[in-house]
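A quick write-up on the structure given underneath.
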Amino acid sequence: MTLMGWLQIGFLFILLFGLTKPLGLYLYNIYESPSRFKILSTLEEMIFRFCGIDKEQQTWKAYTFCLILFNLIGIIVLFLIQTTQHFLPLNPQNYPAVPWDLALNTAVSFVTHTNWQAYSGETTLSYFTQMMGLTWQNFCAAGTGMTAFLALSRALAHHATDEGDKTVGNFWVDLIRSILFVFLPACFIFALILVSQGTLQNFSPAIDVTTLEGAKQTIAMGPVASQEAIKILGTNGGGFFNANSAHPFENPTPLSNFLQMLALVLIPAALTYTYGKITKSSSHGWALLATMVFISLLGVAFIYYFESQPNPLLNHLHLNQDLGNLEGKEVRFGIPGSSLFANFATDTSGGPANSMYDSFSPIGGLVLLINMLLGEVVFGGVGVGLFGMIMFVIISVFIAGLMVGRTPEYLGKKIEGKEVRFAILYVALYPLVILVGTSWSILAPYGLSSLQNLGPHGLSEVLYAYTSATQNNGSAFAGLNANTPWYNITLALAMFIGRFLSIYLGLAFAGSMVNKKIAIPNAGTFPTQGMLFIGLLIGVILIVGALTYFPVLILSPFLENTYLQMGKTT
């Protein structure tokens, strides 16, 4: 661990704090005051007229129906593009159709914002599939996450002036504004920055070259920067290349690495300020950001420390391990650049990788797992990360209400049994899917057949796969060959449930809250800002995650670390 490493980490968080308010204010004006931007609002009206969108406000049920229908159509279209890509243009390598089970997995993966990749992009998918299929769905998935956040925020901020008014916005309006006025301009600028650093952007076929040793090598080309920009800014994570952000054509320099890390968490952080503006409680928005930053700093400190330690299994070789555990890491990024990137990748639902997570130390890998197992509420995906954080806030104020013996309130609205049940179901959904999928896979021969490691590390790989899929993260330990019918189908199911059932429960909670009257705070109201609230919220998030997953974590990373300190692998 070095001073320069900590300075890099500290500078990034300082930049993040500095950009949160201006970007959060821009997002608020885009969604809640679009008339401030005359050119954008004029363009918006033209698109609405062309698409036949009437901007009529929707109830939570109508909003949810449109959201799920839109994404189901997206799954079908992306599945068809993959299975017919050999007939479509922009396929200079003449790649054949993708097998149906892999195509289904990939379609569900990109539509659910997971970007789980059980294939090598540069050797499986055509340029047309990469751009018109995957990149387009990256925009739609990120936009969908923003719409869910907006619906819930409006429901909590809504004043019950009319008993019949239970609307939460219009899904189509929110989606178009997200894509057109947030992600498209941001990605255009970011793609140009990446190209300036050396990221590829072309339609050339793969190049065959002769290396210095005289061997033949095929170097993949393609439209990389355009996909890389929305991959990062939309917290999607799916790389053009199999090596993802460790590939020099995706992430060429330390500067591009730093900018990718900042871009990965920038919009999720800014949404805390947007949320504070919508709910007219800016101090509460800053408290949520402080909670996220504290847990994120805790995670990166653990990863940085343990990845900076030598590997005990290599001590007998008398190697110089002063730089720490460099296995699977790019030297151009070093331990701090790899540690912070991995932490942000699992704090969000992005899941990109600039190093091999399967080569991390057991405790380093444990932190990556915990980041996802907590529900990816620390920054999380754009929109849905804060969406999940609010569910933990509801549980926290409910616990606070139990301790003082009064009905809990959140933003002036009473939290009753129905709302608490929705929040508990939301939180309990993830461990149910993760633990059932993991236990089934390690007991069935078709689940173990593609596992490359035995013992606790093998269990970690399977647990990581189902955690990453259910939490819509998409990163992997990579020691598991997930391109089998069993994993393609079950992980697709986990991704679908983890994305849309959780959104349904959250929007059902919004429907329950939208028409409640807002009470004036009094001396007995539990404040949702300040250190007391932040401490309670952090405690609830960590304790719920620890108690739920502690047994399986003991048998995987903790046990692996014990073996490692003894100089054993199993």
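The values are calculated or read from the model by the stated rules, or taken from the named source; none is laboratory data. Values in this document were obtained by computation on a predicted structure and should not be read as measured data. Don't worry about glycine lacking a Cβ; one is built from the backbone with ideal geometry, like all the others, and counts go over all protein chains shown.
State which residue is surrounded by the most Cβ atoms within 10 Å (Cβ to Cβ) when the search covers only the stretch 527-545 and only residues that are touching a residue at least 24 places away in the same chain (Cβ under 8 Å) and out of contact with any Ser or Thr (no Cβ under 9 Å at 6 or more places or on another chain).
This residue is G545.
Looking only at the stretch 215-226, which residues are assigned to a helix (DSSP H, G or I) and buried (at least 24 other Cβ atoms within 10 Å of the Cβ)?
Within the stretch 215-226, V224, A225 qualify.
Looking at (1) closer than 27 Å to N244 by Cα; (2) aliphatic (A, V, I, L, M); (3) at pLDDT 90 or above, which one does I68 not meet, given that it meets all the others?
Condition not satisfied by I68: (1).
From G169, G145, which residue is among the small types (G, A, S), touching a residue at least 24 places away in the same chain (Cβ under 8 Å), in contact with a strand residue (DSSP E or B) (Cβ under 7 Å, 6 or more places away or on another chain) and within 29 Å of F509 (Cβ to Cβ)?
Being among the small types (G, A, S), touching a residue at least 24 places away in the same chain (Cβ under 8 Å), in contact with a strand residue (DSSP E or B) (Cβ under 7 Å, 6 or more places away or on another chain) and within 29 Å of F509 (Cβ to Cβ) holds for just one of G169, G145, which is G169.
Quick one: in the stretch 464-518, which of the residues that are of a type in the set (S, T, N, Q) and part of a loop (DSSP other than H, G, I, E, B) is farthest from V108 (Cα to Cα)?
Among residues in the stretch 464-518 that are of a type in the set (S, T, N, Q) and part of a loop (DSSP other than H, G, I, E, B), the one farthest from V108 (Cα to Cα) is N515.
Out of the residues in the stretch 100-121 that are surrounded by fewer than 24 Cβ atoms within 10 Å (Cβ to Cβ) and either among the aromatic types (F, W, Y) or part of a loop (DSSP other than H, G, I, E, B) (or both), state the one that is nearest to the chain's Cα centre (by Cα).
The extreme case among them is A118.
Per-residue answers, yes or no, for (1) in a helix (DSSP H, G or I); (2) within 25 Å of Y28 (Cβ to Cβ):
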site: A142; (1), (2): yes, yes
site: V168; (1), (2): no, yes
site: V173; (1), (2): yes, yes
site: A191; (1), (2): yes, no
site: Q201; (1), (2): no, no
site: D208; (1), (2): no, no
site: E213; (1), (2): no, no
site: G238; (1), (2): no, no
site: S245; (1), (2): yes, no
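Considering only the stretch 389-402, I want to know if a residue exists there that is part of a helix (DSSP H, G or I), of a type in the set (S, T, N, Q) and farther than 18 Å from Y504 by Cβ.
yes
Checking I370 against (1) surrounded by fewer than 24 Cβ atoms within 10 Å (Cβ to Cβ); (2) over 17 Å from the mean Cα position of the chain (by Cα), which test does it fail?
(2)
I'm told G412 meets every condition in (1) buried (at least 24 other Cβ atoms within 10 Å of the Cβ); (2) on the phi > 0 side of the Ramachandran plot except one. Can you identify the failing condition by its number?
All conditions are met except number (1).
Here are T279, T218, T274: which of them is among the hydroxyl-bearing types (S, T, Y) and in contact with a strand residue (DSSP E or B) (Cβ under 7 Å, 6 or more places away or on another chain)?
Of the residues listed, the single one that is among the hydroxyl-bearing types (S, T, Y) and in contact with a strand residue (DSSP E or B) (Cβ under 7 Å, 6 or more places away or on another chain) is T218.
Residues L192, L184, L125, L212: which one is among the hydrophobic types (A, V, I, L, M, F, W, C) and closer than 30 Å to A62 by Cβ?
L184
Just for the stretch 14-54: of the residues that are closer than 19 Å to G169 by Cα and polar (S, T, N, Q), which one is modelled with the lowest pLDDT?
S35
Restricting the first residue to the stretch 278-290 and requiring it to be in contact (Cβ under 8 Å) with a residue 24 or more places away in the chain, which pairs with a second residue that is surrounded by fewer than 18 Cβ atoms within 10 Å (Cβ to Cβ) and among the polar types (S, T, N, Q) meet a Cβ separation below 8 Å and a spacing of at least six or different chains?
Pairs found: S281/Q529; S283/Q529; H284/Q529; W286/Q529; A287/Q529.
Among the residues that make up the stretch 247-256, is at least one of them surrounded by fewer than 24 Cβ atoms within 10 Å (Cβ to Cβ), in contact with a Phe, Trp or Tyr (Cβ under 6 Å, 6 or more places away or on another chain) and either modelled with pLDDT of 90 or more or under 30 Å from A220 (Cα atoms) (or both)?
Yes - at least one qualifying residue is present in the stretch 247-256.
Could you please find all residues in the stretch 419-476 being within 21 Å of S120 (Cα to Cα) and hydrophobic (A, V, I, L, M, F, W, C)?
Passing the criteria: L451, V462, A465, A469, A476.
Spot the failing condition for L448; the list is (1) free of Cβ contacts under 8 Å to residues at least 24 places away in the same chain; (2) within 21 Å of L373 (Cα to Cα), and only one is missed.
(2)
In the stretch 26-71, how many residues are acidic (D, E) and either touching a His at 6+ places or on another chain (Cβ under 8 Å) or in contact (Cβ under 8 Å) with a residue 60 or more places away in the chain (or both)?
3
Name the pairs whose Cβ atoms lie under 9 Å apart, with the first residue in the stretch 195-216 and over 24 Å from S126 (Cα atoms), the second among the hydrophobic types (A, V, I, L, M, F, W, C), and 6 or more positions between them or separate chains?
Final answer for the pair search is Q197/L255; Q197/L259.
Show the residue pairs meeting these rules: Cβ distance below 7 Å; 6+ apart or different chains; first residue within the stretch 415-440 and under 19 Å from A400 (Cα atoms) and touching a residue at least 40 places away in the same chain (Cβ under 8 Å); second residue part of a helix (DSSP H, G or I) and of a type outside the set (A, V, I, L, M, F, W, C).
Listed by first residue and then by second, the contacts come to K418/S512; E419/S512; F422/S512.
Output the residue which, of all residues in the stretch 435-462 that are among the hydrophobic types (A, V, I, L, M, F, W, C) and in contact with a Leu (Cβ under 7 Å, 6 or more places away or on another chain), is nearest to P557 (Cα to Cα).
It comes out as L459.
(1) under 30 Å from S283 (Cα atoms); (2) small (G, A, S); (3) not in a helix (DSSP H, G or I): which one isn't true of A97, the others all being true?
Exception for A97: condition (1).
Just one of R421, R406 is surrounded by fewer than 24 Cβ atoms within 10 Å (Cβ to Cβ), on the phi < 0 side of the Ramachandran plot, part of a helix (DSSP H, G or I) and not aliphatic (A, V, I, L, M); which is it?
From the options R421, R406, the qualifying one is R421.
Yes/no matrix, rows are residues, columns are (1) in a helix (DSSP H, G or I); (2) surrounded by fewer than 21 Cβ atoms within 10 Å (Cβ to Cβ); (3) among the basic types (K, R); (4) in contact with a Cys (Cβ under 6 Å, 6 or more places away or on another chain):
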residue	(1), (2), (3), (4)
S283	yes, yes, no, no
G299	yes, no, no, no
P310	no, yes, no, no
L319	no, yes, no, no
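What residue, of T135, T124, T83, is farther than 30 Å from S281 by Cα, among the hydroxyl-bearing types (S, T, Y) and surrounded by fewer than 21 Cβ atoms within 10 Å (Cβ to Cβ)?
T83
In the stretch 442-463, which residues are more than 19 Å from A492 (Cα to Cα) and assigned to a helix (DSSP H, G or I)?
L443, P445, G455, P456, H457, G458, L459, S460, listed by residue number.
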